[in-house]
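See below for the structure under consideration.
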Amino acid sequence: MHPTKLVACLIVLATALSAAPPQPAHLVSPADLRNDLAAKEASRNEQVRKVTEFFDRESAVMDAAGLSLSEVKSAAAALDDASLAELSRRTAAIEADVSGGSLNNEQLTYVVIALAAAVLVLVIIAA
């Protein structure tokens, strides 16, 4: 083979190998991932806040059940996302029932004790 042809082939080969193939676009951009994580964290923090506020308003019931608000706060924060969402949904439903007059004080006391016990059981199971 002629040296000029060999050099030309080497140049073409080197150029072809050095050209990087185009990178595929990410299906989800890093900014979208950050925004989604921030939204989920904000939602979780809001759920923990709602649950702890609910139990804080029912402190007399908590005392009667032998539970402290700090125990409930730490237990709520330790719950997985699905359990926390369910507990938050239940406390919101109870608050709606109470404000609508569907529950009396005795029924509310039993519900709060049951929910507090459920929180502690879920934390014990998760540990």
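No lab work stands behind these numbers, since they all come straight from the coordinates. Predicted model only: the values in this text are computed from it and were never measured. All Cβ positions, glycine included, derive from the backbone under ideal geometry; neighbour counts span all protein chains shown.
Below is a table of values for the structure above.
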read-out: Per-peptide average of other Cβ atoms within 10 Å, ordering 107-113, 41-47 highest first; value: 107-113, 41-47
read-out: 3J(HN,Hα) from dihedral phi, segment 36-51, Karplus parametrisation 6.51/-1.76/1.60, rounded to Hz, x for glycine, proline; value: 5, 5, 5, 5, 5, 5, 5, 5, 5, 4, 5, 5, 4, 4, 5, 5
read-out: Lysines with Cα under 20 Å of LYS73, excluding same-chain neighbours fewer than 8 positions away; value: LYS40, LYS50
read-out: Inter-site label distance for ASP32 and ALA117 at 7 Å from Cα along Cβ, in nm; value: 4.6 nm
